[in-house]
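Have a look at the structure below, then the notes.
The values are calculated or read from the model by the stated rules, or taken from the named source; none is laboratory data. Every value quoted in this text rests on a predicted model; they were computed, and no experiment measured them. Cβ coordinates were reconstructed from backbone atoms using ideal geometry, including for glycine residues, and neighbour counts include every protein chain displayed. Accessible surface is based on the protein model in full, side chains and every heavy atom, while ligands, DNA and RNA are left aside. Shrake-Rupley method; radii C 1.70, N 1.55, O 1.52, S 1.80 Å.
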Amino acid sequence: VQLVESVGGVVQAGGSLRLSCAASRRTCSSYRIGWFRHAPGKEREFVAAIRWSDDNTYYADSVKGRFTISRDNAKNTVYLQLNSLKPEDTAVYYCAADPSLATLASMTYRYWGQGTQVTVSS
């Protein structure tokens with residue numbers, strides 16, 4: 001499975017941005033799709049996850065209430081809506097997919113996108 005993220009961008013603090021992650025082919029309903037981010041000098045951080053088969057979602061505390069993950073099964077695409085952005089949200093954002101039946105809290109993912117830069121200016 002190949003994953004392609006949309007182009008990120010530069011946004012002012014308090015602004016919004018929507019990222020998308022398109023899968024190269026239809027995946028089975030058990031797949032989890034997650035978003036991670038990696039800021040310079042920091043470890044990679046989990047952001048949010050969703051499964052193709054249901055509407056359950058899981059978020060990191062740092063983004064809960066500000067970011068929303070959603071899916072469009074017909075387009076094989078998962079979205080991450082980023083609202084109320086803060087400078088500390090600046091990072092390369094990656095989407096990832098995994099076919100296992102692990103819970104949404106699992107951090108293990110098999111397939112990764114190439115990443116997209118999001119920069120939040122103060």
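A few points about this structure:
- Odd one out for Leu85, checked against (1) closer than 21 Å to Val7 by Cβ; (2) under 14 Å from the mean Cα position of the chain (by Cα): (2)
- Which numbered condition Tyr94 misses (of (1) of a type in the set (Phe, Trp, Tyr); (2) within 15 Å of Leu3 (Cβ to Cβ); (3) open to solvent by less than 30 Å² (accessible area, probe 1.4 Å); (4) within 12 Å of the chain's Cα centre (by Cα)): (3)
- The residue that is modelled with the lowest pLDDT, counting only those in region 38-57 that are in contact with a Ser or Thr (Cβ under 8 Å, 6 or more places away or on another chain), among the small types (Gly, Ala, Ser) and over 13 Å from Asp98 (Cβ atoms), is Ser53.
- Within region 48-90, considering residues that are among the polar types (S, T, N, Q) and in contact (Cβ under 8 Å) with a residue 60 or more places away in the chain, the one nearest to Leu19 (Cα to Cα): Gln81
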